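*Asks:* What follows is a structure written as structure tokens; I'll ask about it next.
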Amino acid sequence: MFLSKSFIPLLKNYPSEAKIKSHKLMLRLGMIKQSSAGIYSWLPLGFKVMKKIEQIVREEQNKIGAQEILMPTIQSSEIWKESGRYEDYGEEMLRIKDRQNREILYGPTNEELVTDIFRNSIKSYKSLPQLLYHIQWKFRDELRPRFGIMRCREFFMKDAYSFDLSDDDAEFSYNKFFLSYLKTFKRLELSAIPMTAETGPIGGSLSHEFIILAETGESKIYTDKRIFDVNHDNYKLEKESLKKLRLEYDQFYAVTDEKIDNKEFNNKVDKKNQLETKGIEVGHIFYFGDKYSKPMNTAVDKDGKKIFVKMGSYGIGVSRLVGALIEANFDEKNEVMKWPVSVSPFECAIICFASKNDTTSIEMGIKVKNFLEQNNIETVLDDSDENFSGKLKKFNLIGIPFQILIGKNPDKNKVEFKEVGNDSKMISLEGALNFIKSKKIN
Ligand code: P5A
């Protein structure tokens with residue numbers, strides 16, 4: 001990609017309406033464009049990042065045996081009346097009438113719709129467990145949409161649903177998602193802590209929020225610092241192993257302000273291990289048994305007996321994660337952003353010195369670009385007329401993790417290679433390629 005041909009509408013300054021660094025940077029880099037309150041268009045730079053996050057989320061869902069489907073954004077009110085949530089959900093639900101005067105709605109979540117699909121298809125307990133997920137837009141008419149795509153009205157969510165025969169099996173499904181979430185966030189180079197949480201309008205008896213630490217987060221959190229040392233790498237997708245994993249985490253006090261009990265916090269955690277800070281909720285999982293299956297008459301047959309299926313639901317804020325990654329990786333003071341290689345909009349930036357009279361630098365840049373692209377590295381080449389230091393500043397903000405700098409009189413055998421945040425070094429182009437490749441494995 002040539003920067004001159006790209007659709008990346010960069011701004012010179014941060015727009016004044018943005019209050020937190022992710023919102024500021026996303027607007028300045030032209031990653032998103034607000035279309036109305038809490039509703040955004042995703043422009044190429046932002047869209048690329050979101051799609052890469054989506055793919056990582058998808059791969060980790062597939063690894064635990066979840067199957068992808070795609071449900072519509074528009075739902076009928078009938079199924080919500082059956083579950084009893086049509087009234088309960090309140091003003092956050094966008095209710096619409098079609099030309100036949102039928103009540104429809106833009107889905108804020110899909111427990112009812114997926115239950116309806118399940119009950120029409122699965123009759124025997126032998127087909128259980130079933131884990132289904134989709135990645136789809138949601139709409140919630142938030143009272144105060146704010147912080148750009150962090151709390152907006154239309155957002156992109158991965159939501160999964162599990163169906164089991166017994167509470168014990170359902171706990172196994174819950175724990176599979178628990179592990180898959182830890183793995184997903186690790187691949188995004190985020191350290192997410194699972195915290196016991198309130199179940200709110202989704203309902204149920206068991207719930208964890210996955211929170212990443214950030215000063216600008218909306219959730220106030222209270223935790224035992226030792227929870228950060230738990231390592232989830234060696235757990236297997238087996239019932240007992242995953243029970244142990246849950247225990248490893250749940251032994252440490254970790255809650256948000258919705259659930260804080262100061263007395264319990266002080267009793268369970270000694271002062272030196274107490275951490276009170278803020279965080280961003282990037283995922284939330286729920287177990288609610290037959291909350292939906294019973295009113296919606298969703299059961300399987302076992303030995304002539306009708307058993308209401310036990311369900312859970314599991315959400316990841318895919319669009320919110322774009323902002324969360326900026327909150328975690330943007331050094332606002334020095335104006336340096338660095339995307340994890342796995343989701344960066346491009347993998348390597350080629351920054352050329354430009355002059356009307358001397359095209360040596362750009363010509364060399366094009367050779368470098370062709371070579372890297374032939375080797376499956378996504379590149380962007382800055383062929384604009386801006387001065388070199390301006391280009392460097394700009395690319396520090398864009399956050400592509402690797403840069404190749406090509407000055408006035410480029411060396412024929414070596415390139416100036418830089419990993420954002422480190423000093424540059426002169427290495428062969430093959431050396432740069434191998435280095436980038438080694439960092440791509442994730
Ligand atoms: C779980 C999946 C649910 O909706 N039903 C299906 C359950 N959970 S949740 O916690 O309400 O949402 C899941 C995740 O979606 C993100 N999210 C948002 N992102 C941006 N703007 C919003 N207004 C918004 N609301 C929720 C969060 O990451 C949340 O964890």
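*Asks:* Computed FRET efficiency, Cβ-Cβ of residue 237 and residue 359, R0 60 Å: what is it to the nearest 0.05?
*Replies:* That gives a FRET efficiency of 0.60.
*Asks:* Please report, as a whole percent, how much of the solvent-accessible surface of the chain comes from carbon and sulfur atoms (probe radius 1.4 Å).
*Replies:* 49 percent
*Asks:* At 7 Å along Cα-to-Cβ for each site, give me the label-to-label distance between residue 248 and residue 371 in nm.
*Replies:* It works out to 4.3 nm between the two label points.
*Asks:* Which value, in Å³ per residue, describes the convex hull spanned by the Cα atoms of the chain?
*Replies:* About 172 Å³ per residue, rounded to a whole number.
*Asks:* Of the listed pairs 333/414; 236/272; 63/244; 5/356; 158/186; 333/440, which have alpha-carbon separations greater than 23 Å here?
*Replies:* As for pairs spanning more than 23 Å Cα to Cα, those are 333/414; 236/272; 333/440.
*Asks:* Could I ask something else about it? Explain nothing, just compute: Karplus ³J(HN,Hα) = 6.51 cos²θ - 1.76 cosθ + 1.60, θ = phi - 60°, for every residue of region 234-251 in order, whole Hz, x for Gly and Pro.
*Replies:* Result, ordered by residue: 9, 8, 9, 7, 10, 3, 5, 4, 6, 4, 4, 4, 4, 4, 3, 7, 5, 5 Hz.
*Asks:* Run the quick spin-label model on residue 16 and residue 41: label points 7 Å from Cα toward the beta carbon, then report their separation in nm to one decimal.
*Replies:* 2.5 nm
*Asks:* Placing +1 on the Cβ of each Lys and Arg and -1 on the Cβ of each Asp and Glu in region 41-109, which of 105, 72, 86 has its Cα farthest towards the positive end of the resulting dipole?
*Replies:* Farthest towards the positive end: 72.
*Asks:* Please arrange 205, 180, 384, 389 by accessible surface area, largest first, computed with a 1.4 Å probe and ligands excluded.
*Replies:* 205, 389, 384, 180
*Asks:* Compute, for region 54-115, the length of the dipole vector about the Cα centre, with Cβ point charges of +1 (Lys, Arg) and -1 (Asp, Glu) only. Units Debye, rounded to 20.
*Replies:* Computed charge dipole of region 54-115: roughly 260 debye.
*Asks:* For region 276-373, with equal point scatterers placed on the C-alpha atoms only and solvent neglected, what are the log10 I(q)/I(0) values from the Debye formula at q = 0.13, 0.19 1/Å, to two decimals?
*Replies:* Treating every Cα as an identical point scatterer, log10 I(q)/I(0) equals -0.76, -1.02.
*Asks:* So, R0 is 56 Å and r is the distance between the beta-carbons of residue 262 and residue 101; what FRET efficiency does that work out to, to 0.05?
*Replies:* For R0 = 56 Å, the calculated efficiency reads 0.60.
*Asks:* What dipole magnitude, in Debye to the nearest 20, does region 99-204 give about its Cα centre under +1 on Lys/Arg Cβ and -1 on Asp/Glu Cβ?
*Replies:* 520 debye
*Asks:* Give me the 1.4 Å probe accessible area per residue for the chain, excluding ligands and nucleic acids, in Å².
*Replies:* That works out to 46 Å² for each residue.
*Asks:* Of 139, 30, 433, which is farthest along the charge dipole of the chain in the positive direction, counting Lys and Arg as +1 and Asp and Glu as -1 at C-beta?
*Replies:* 433
*Asks:* I'd like the Karplus ³J(HN,Hα) series for region 367-379: coefficients 6.51, -1.76, 1.60, θ = phi - 60°, whole numbers in Hz, and an x wherever there's a Gly or Pro.
*Replies:* Running phi through 6.51 cos²θ - 1.76 cosθ + 1.60 with θ = phi - 60° gives 4, 4, 4, 4, 4, 5, 5, 4, 9, 6, 9, 7, 10 Hz.
*Asks:* Would you kindly derive the ³J(HN,Hα) couplings of region 64-75 from the backbone phi angles with the Karplus curve 6.51 cos²θ - 1.76 cosθ + 1.60 (θ = phi - 60°), listing them in order in whole Hz, with x for Gly and Pro?
*Replies:* Once θ is set to phi - 60°, the couplings for region 64-75 become 9, x, 7, 10, 7, 10, 9, 9, x, 7, 8, 10 Hz.
*Asks:* Relative to the present Cα-Cα distance, how much length would full extension add between residue 137 and residue 120 at 0.36 nm per residue of separation?
*Replies:* Working it through step by step, the gained length comes to 3.7 nm.
*Asks:* Under 10 Å, Cα contacts only: if you run a Gaussian network model on the chain, which one of 293, 83, 355 comes out with the highest mean-square fluctuation?
*Replies:* Looking only at 293, 83, 355, the biggest GNM fluctuation is shown by 355.
*Asks:* Still on this structure: Given the protein chains as shown and a 1.4 Å probe, how many square angstrom of residue 1 are accessible, to the nearest 10?
*Replies:* Result for residue 1: roughly 90 Å² accessible.
*Asks:* Select from 388, 316, 208 the residue farthest towards the positive end of the dipole of the chain; place +1 on Cβ of Lys and Arg, -1 on Cβ of Asp and Glu, and compute about the Cα centre.
*Replies:* Highest projection toward the positive end goes to 388.
*Asks:* I would also like to ask the following. If I model a spin label as a point 7 Å beyond the Cα along the Cα-Cβ vector, how far apart are those points for residue 409 and residue 424 in nm?
*Replies:* 1.6 nm
*Asks:* Quick one: which residues, 5+ away or cross-chain, put their amide H under 5 Å from the amide H of residue 278? H built at 1.01 Å from N.
*Replies:* Result for residue 278 returns 214, 221.
*Asks:* Now for a separate question. Pull up the cross-link candidates among the aspartates and glutamates for residue 367, meaning alpha carbon to alpha carbon under 17 Å and not fewer than 8 places away within one chain.
*Replies:* Cα-Cα hits under 17 Å: 347, 358, 378, 382, 383, 411, 416, 430.
*Asks:* Size of the dipole of region 120-267 about the Cα centre, Lys and Arg at +1 and Asp and Glu at -1 on the beta carbon, nothing else charged, in debye to 20?
*Replies:* Dipole size: approximately 460 debye.
The values are calculated or read from the model by the stated rules, or taken from the named source; none is laboratory data. From a predicted model like this one, the values you see are computed outputs, not experimental measurements. Glycine gets a Cβ as well: all are built from the backbone with ideal geometry, and neighbour counts include every protein chain shown. Protein only, heavy atoms only, side chains kept; ligands, DNA and RNA dropped before computing areas. Shrake-Rupley method; radii C 1.70, N 1.55, O 1.52, S 1.80 Å.
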